[in-house]
Amino acid sequence: MAPVISAKNVWKLFGPDPERYLRSMPEGYGFDDIRADGYIAGVRDVSVDVTEGEMLVIMGLSGSGKSTLVRCFSRLHDITGGTIEVGGQDIMSLAEKELIELRRSKMGMVFQSFGLLPHRTVLENVAFPLEMRGQDKHTRRDRALEVVRLVGLEGREDYFPRELSGGQQQRVGIARSLAIEPDIWFLDEPFSALDPLIRREMQDEFLRLQEMLGKTIVFITHDFDEALRLADRIAIMKDGAIEQCDTPDEIVMYPATEYVRKFTEDIDKARVVHARGLSKPVNGVAPEGAPVDGKATIQDLARQLIDETREAIPVADGSGNVIGVMQRSDALDLLLGGA
Amino acid sequence: MAVTHPSDVGVPGHEGARRDPVLLALLGTAFVIILFHAIGLLPLWLHRIPEALIPPTAEVLDVVFAFVQNDLGLIHITRFIAEGPLEFLLDATANLLYGKRRWPMLGPIPWTAIAAAAAVLGYYLGGWKMALLAGGTFIWTALIGQWDDAMETMSVLVVAAPIAFLMGLLLGIAAWKYAWVDTAIKPILSVLQTLPFFTYLLPAVIFFKVGPTAGAVATIIYAIPPMILMTTLGLKKVSPEVVEAGKMSGCTRWQMLTRVYLPAARTELLVGVNQVIMLCLAMVVLTAFIGMPGLGAKLLAMMGSFKLGRSFEIGVTIVLFAIMLDRMSKAWVVKQPEHHEKGTPWWQQHIFLLVGLAGFVVFYVIAQFVDVFAEIGRRQSFSKGKEFDVAIKSFLAIDAVNAVTEWLRWFLNVKVLIPFRNSLLWIPTPAFILLVTALAYWLGGRKPAIYGFAFFTLVALSGWWDRSVITLYTVISAVIISMLIGIPLGVFAARSERWSSRILLACDTAQTFPSFIYLIPAIMLFGVNDVAVVFAIVIFTTVPLTRYTIEGLRTVPPEITEAADMSGATRRQKLWTVQLPMALPTMAVGFNQAIMFAFFMVIIAAFIGTQDLGQELQRTLAGTELGKNIVLGLNVSLMALTFDLAVMAWTEKQKKALGLA
């Protein structure tokens, strides 16, 4: 299946004449070398694919280039080098009109500080993208009401953004980004500006929505826990480059670089790693007994693992087919932190 | 200058400045020239530039203007605008407001109807107080018998303000969108903002016909610059996420501008509206000098014939209008849209509009039958002008009062002003230029110094040196006096929250008054002479000085004053070693504004009778000497800009040094 977004060797440099600089830049130049020449490397040689229905979380500290990268995907930034294809189309080759059309029909984005239009009511904010593409008043009102209900803001349609709490404002931001029924959903640190309790609630809400809608998602965060909680795959960025891009299980168990390992150090791995992540191919051996659910974390299975008598435990996918075996000792090591 | 001397209060950044070789060279040369002059050895051509060497700038300009005006046919275009659309609009509002016999022939609208509508609008914007202010202003105006004059003024204002707003908005958008427009209009704007208003008036008269049209054009041009600045400021401040949200919603460029940028910049745009209205009012009143009828003309005539009581009443009317327009437009800035509960009936959602309309219609109908509701005649008005006049004049004639004003007038004139003026005039031109350059260098560094040198050399070459020096002398004397009043007042007020807000409110209110108003008390107290001129400028310039002193002192971070308290500083120590040094950059902004205000006022004071550039400028208004008018105006502008550049450069530097920027 062709990826929805495919980035190949993407560069984004900021400075006086980035294109020319990139062409003449020596191979293997790092972030600091580039900075010494008076340029800032927002994105350095990033190649990543996002497949349909997948949630890719881009994780990094501030200044790591994660927000820049997502803005390259939607061409809010023009990239300096490499190619980005969205739905098989090179977005750098699009004319302004085509780009607008792409955004009007396929993309939605949620912003860290919400980016709501202060002079419009909740309903008018949500209907804004529909209004831009010229939908008539009646249909856009119906559709906006529908999404407002979806994010649980019923009864607040006529409020202005300043009359809402932060969590409610972000619900408006989410509703607006969903109004046009986008295929691709960009979320730039959507919950970072919220209190921890609200953040948790919004994450649950978000997972509920995603369950329902099944969008292709690029989600930005600086919070590693949030990344682990939400992601199908995580891309960890540093100084504009991707350090490692893998499933949460793999990242926690096999950090590729020292930088990534530091993030995983304090993580309770048993809560992150799933049975599926520990399972190895069956290799002809017939596993005995009832399989465990591959989507359960080791933490979920703790009691069963301790009571378990089998050394090799079969792991099944959602529909009950055995996909591999998990060694009990591996799981216990992870659980007890002895690995 | 002594008070802003930074080392007095221990601000960093100027150590070693005194040993700066450039500064020493400038001062040294100046002193050598002065010394030679003192012992009588300076050749005459070094004292003043000889007439023969002065280029005929005014004549050249006249030729250029004549060419543009007649040969290129600019006059036809401007006359067309003046006699076509502009005059049409002005006639229409004139008909509605005071019944000039022009299309649409509906007016005059009864004063009661206008007052009722204004009161409802006031209530909508700011509750009962605002309703009282808005309704009260119109009722006062009618009862005091100045309705027609006030409406003559308003009929120009209601045309000029929207046009100035629109043009400012468009230029502001252009300057924000295209960098080259920005670079092109920046210098023009700073010159425009320092150009004396007489220089706006004459070209307006020549190109746009005498009377309301010229008045409207001068007013519009005068009010545009701040709108441009507020527009670009507002558009630049729109949060990047809101912009990105707009782009991701698939906005076209036009949609971005009209649906995202402009609404998001609402606050700044409305602040711009407020400034446009206030500047329009200030200028409309001043257009009396080119024969525009209205409140300004009335005031000019009354002051000219020394009818103080009537002048005072007109002054009150102008002030009331100023306060009303200012408060209402500011209330509009903070007025946020509110949502109605679901199911609110239509009439309830538009209750204010309906009540306003109803009030308007009811009084309009009543006025058709009851004359007093339509118009208050001369006989019926409650004007107490004569009685006031007698009261004021007898108060001033009381021996004690008279003695005080007489003594003040004598003391300031003989002991301070005249000696100071004569010594400034005595200084040889080159030495004067070098001293100014040295000052600019000391304050702002190399760039302001180069500008200062060039600007003052141009002034010297204009052939109006003595009059320029007299203008400068008036400005400096007035600013020094107002520093002696304003800074202590500010320091006192800043000590308590209550007094700060009281004095700030007074300053804010005073700043909305058209500058012309300040002449009334000056003439009342001191009659027609130099002291009255300085006095008028002093009241005008004390306002920004007080204001920024308070603001500077009040915004010193509390941790810093707490640290001073914990170090055991006394109040006085804290003030001198902590608060004043921290507040100085802000105070310098006030100082700069005071100088700009003084340059503005000194020209208006020509009305009282001065011997400076303003007097010459006022004389040009009677004729068609456009070249001379522009040269004189530019002289004022160049001197003002020199100070502006130097003081603002100093402020920037100081803010950076203190980490406040």
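Take every DSSP beta bridge whose two residues both sit in the protein assembly as shown, then give the antiparallel share in percent to the nearest 5. Don't skip to the end; give the middle numbers.
Details: 26 of 46 bridges.
Antiparallel: roughly 55 percent of the beta bridges in the protein assembly as shown.
Around the amide H of A:Met55, modelled in the peptide plane, lie the amide H atoms of A:Ile217, A:Asp232, A:Arg233, all under 5 Å away and 5 or more residues distant in sequence or on another chain.
Let me check I've understood the local charge: for A:His119, count other residues with C-beta under 11 angstrom from its C-beta, Lys and Arg +1, Asp and Glu -1. What total comes out?
Numbers: positive: A:Arg120, A:Arg162, B:Arg259, B:Arg266; negative: A:Glu124.
Its environment carries a net charge of +3.
Among the protein heavy atoms of chain A, carbon and sulfur supply 46% of the accessible surface, probe 1.4 Å, non-protein parts ignored.
Please calculate how many Å² of accessible area region A:121-271 carries per residue, with a 1.4 Å probe and no DNA, RNA or ligand atoms counted.
Numbers: 6380 Å² over 151 residues.
For region A:121-271, the per-residue accessible area is 42 Å².
Pick out, from A:Leu301, A:Ala275, A:Pro291, the residue whose Cα sits farthest towards the positive end of the charge dipole of region A:265-332, with +1 on the Cβ of Lys and Arg and -1 on the Cβ of Asp and Glu. Of A:Leu301, A:Ala275, A:Pro291, it is A:Pro291.
Computed 3J(HN,Hα) for region B:631-640, one whole-Hz value per residue from the Karplus formula 6.51 cos²θ - 1.76 cosθ + 1.60 where θ = phi - 60°, is 4, 4, x, 5, 4, 4, 4, 5, 5, 4, glycine and proline marked x.
Residues whose amide H falls under 5 Å from that of A:Gly152, counting only those 5 or more places apart or on a different chain, are absent, with hydrogens built in the peptide plane.
Give me the dipole magnitude in Debye, nearest 20, for chain B about the Cα centre, with unit charges on the beta carbon: positive for Lys and Arg, negative for Asp and Glu.
Values: 48 positive and 40 negative charges, 151 e Å.
That gives a dipole near 720 debye.
B:Ala622 sits among other residues whose Cβ lies under 15 Å from its own Cβ, and their net charge, with Lys and Arg +1 and Asp and Glu -1, is 0.
Look at the alpha carbon pairs under 8 Å that are at least 6 residues apart: their mean separation over the length of chain B gives a relative contact order of 20 percent. Burial annotation for region B:228-248: residues with an accessible-area loss of at least 10 Å² between the isolated chain and the complete set of protein chains, computed on heavy atoms with a 1.4 Å probe, are B:Glu241, B:Val242, B:Glu244, B:Ala245, B:Lys247, B:Met248.
Solvent-accessible area of region B:116-219 (1.4 angstrom probe, protein heavy atoms only): carbon and sulfur portion equals 78 percent. Taking amide H as placed 1.01 Å from N in the peptide plane, the amide H of B:Leu42 sits under 5 Å from that of B:His37, each at least 5 places away or on another chain.
Just to be sure I understand: of the beta bridges DSSP finds with both ends in chain A, what percent are antiparallel, rounded to 5? Intermediate values should be presented prior to the final figure.
Values: 26 of 46 bridges.
The answer is about 55 percent antiparallel.
For the peptides B:460-468, B:612-620, the ranking by packing is B:612-620, B:460-468, with the highest mean count of neighbouring Cβ atoms within 10 Å listed first. In this structure, the pairs whose alpha-carbon distance is over 29 Å, taken from B:Lys209/B:Lys237; A:Lys238/B:Lys655; B:Lys335/B:Lys656; B:Lys237/B:Lys330; B:Lys247/B:Lys655, are B:Lys209/B:Lys237; A:Lys238/B:Lys655; B:Lys335/B:Lys656; B:Lys247/B:Lys655. The lysines whose alpha-carbon is closer than 24 Å to the alpha-carbon of A:Lys280, local same-chain residues fewer than 8 away aside, are A:Lys269, A:Lys295. The calculated 222 nm mean residue ellipticity attributable to helices in chain A amounts to -11000 deg cm²/dmol, summing -39500 (n - 2.57) over DSSP H runs of n ≥ 4 and dividing by all residues. Within straight-line reach of B:Lys628, meaning a Cα separation under 13 Å, sit the following aspartates and glutamates at least 8 residues removed in sequence or on another chain: B:Glu59, B:Asp62, B:Glu616.
So what's the back-of-envelope 222 nm ellipticity for chain B, counting only DSSP H runs of four-plus at -39500 (n - 2.57) apiece and dividing by all residues, rounded to 500? Provide the component values of the computation, followed by the final result.
Working: 31 runs with 488 residues, N = 661.
For chain B, the value works out to -24500 deg cm²/dmol.
Taken one residue at a time, the phi angles of region B:563-571 give Karplus couplings (6.51, -1.76, 1.60, θ = phi - 60°) of 4, 5, 4, 5, 7, x, 6, 6, 4 Hz. Gly and Pro are set to x. Sequentially through region B:523-537, phi angles give Karplus couplings (6.51, -1.76, 1.60; θ = phi - 60°) of 5, 4, 7, 10, x, 10, 6, 4, 5, 4, 4, 4, 4, 4, 5 Hz, Gly and Pro residues having no value and appearing as x. Of all lysines in the structure, those lying under 17 Å Cα to Cα from B:Lys307, and not within fewer than 8 positions of it along the same chain, are B:Lys298, B:Lys384, B:Lys386, B:Lys393.
In terms of accessible area, using a 1.4 Å probe and ignoring ligands and nucleic acids, B:Asp389, A:Asp333, A:Asp188 rank largest first as A:Asp333, B:Asp389, A:Asp188. Near A:Ile100, once Lys and Arg are set to +1 and Asp and Glu to -1 for all other residues with Cβ below 10 Å from its Cβ, the sum equals +3.
Under 8 Å for C-alpha pairs, at least 6 residues apart: give me the relative contact order for region B:545-661, rounded to a whole percent.
Numbers: 86 pairs, mean separation 32.5, N = 117.
After rounding, I find 28 percent.
Using a probe of 1.4 Å, the accessible surface attributed to B:Thr577 totals some 90 Å² when neighbouring protein chains are kept in position.
Of B:Ser482, B:Ser423, which has the most accessible area and how do the rest follow, probe 1.4 Å?
Details: B:Ser482 0, B:Ser423 55 Å².
From most exposed to least exposed: B:Ser423, B:Ser482.
The values are calculated or read from the model by the stated rules, or taken from the named source; none is laboratory data. Everything numeric here is computed off the predicted structure, so don't read it as measured data. Don't worry about glycine lacking a Cβ; one is built from the backbone with ideal geometry, like all the others, and counts go over all protein chains shown. Note: areas computed on protein heavy atoms with side chains; ligands, DNA, RNA excluded. Shrake-Rupley method; radii C 1.70, N 1.55, O 1.52, S 1.80 Å.
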